[in-house]
Amino acid sequence: MAIVHPEYNANTFDNDVALLLLSSRVLFTDFIKPVCLASATSTFFTGTASWVTGWGRIGDGIPLPTPGELMEVKIPVVGSRQCFCEYCFINITENMICAGLNEGGKGGCQGDSGGPMVSNDGSVYVQSGVVSFGVPCAVPRFPTVFARVSQYQDWITNHTGVENMPGFVTFTSPGTDSDLHERPGQQASAR
């Protein structure tokens, strides 16, 4: 059973998240392990190292070659203001987080949608995002856009209940986020 966020907008991709109720338990192994979810108090500053995994295309129009092994790419978080400026034709909301290289070439691609973006906090991996969209596949200056997991802690908890509540942890990025101070070409304004 799928529970789609009630405020999902197919035109803007805002609230692009859903929960799945599995028909049987997942057996954890050395190769299948749970990931912690980013709590509402988490911070993912510009440059935070992140990993995206998926079985999608490996380039624009280039399918994953046989035998179809899970792919992984390491990309940094791109600040919301910079991402907003790059995607001037679509609103990057507080429910989204972006990651990618300015020169492109690495990121989510067609077929990766719904996959995780995680960051490492010591020995713990924390899921910060869910692949949502991009232009079309790791194009320069257009980072991949993800649903920001930390924005959905209450919604997830309300649907999973206390007995099945996932493990939320606070991820705290080191340093300060220069992206929050100003947009390119604009003076800083008080928040």
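General observations
- Solvent-accessible area per residue, Å², over the stretch 90-163 with all protein chains present [probe radius 1.4 Å]: 43
- Taking all pairs of distinct alpha-carbon atoms in the stretch 1-80, Kirkwood radius in angstrom: 16.3
- Shown in residue order for the stretch 33-42 are the 3J(HN,Hα) couplings computed by the Karplus curve 6.51 cos²θ - 1.76 cosθ + 1.60 at θ = phi - 60°: 9, x, 10, 6, 9, 5, 6, 4, 9, 6 Hz (x for Gly and Pro).
- Total charge dipole magnitude, the chain, about the Cα centre, Cβ charges on Lys, Arg, Asp, Glu only, Debye to nearest 20: 120
- Taking N as its residue count, the alpha carbon Rg of the stretch 68-134 over 2.2 N^0.38 Å: 1.15
- Most mobile of 64, 20, 101 in a GNM of the chain (Cα contacts under 10 Å): 20
- Here the stretch 52-92 was treated as a single set of alpha-carbon atoms; its pair distances binned every 10 Å from 0 give 24, 31, 35, 10 percent.
- Global size of the stretch 132-177: 15.3, 44 Å for Rg and Dmax (C-alpha atoms, Rg to one decimal, Dmax whole).
- Both radii come from the Cα set of the stretch 34-78: Rg as radius of gyration, Rh as Kirkwood radius; their ratio Rg/Rh reads 1.09.
- Taking the C-alpha atoms of the stretch 1-145, convex hull volume expressed per residue in Å³: 134
The values are calculated or read from the model by the stated rules, or taken from the named source; none is laboratory data. For clarity, every value in this text was computed on a predicted model and none was experimentally measured. Methodologically, a virtual Cβ is constructed for each residue, glycine included, from the backbone with ideal geometry; neighbour enumeration extends over all protein chains shown. All accessible areas refer to the heavy atoms of the entire protein, side chains included, with ligands and DNA or RNA removed. Shrake-Rupley method; radii C 1.70, N 1.55, O 1.52, S 1.80 Å.
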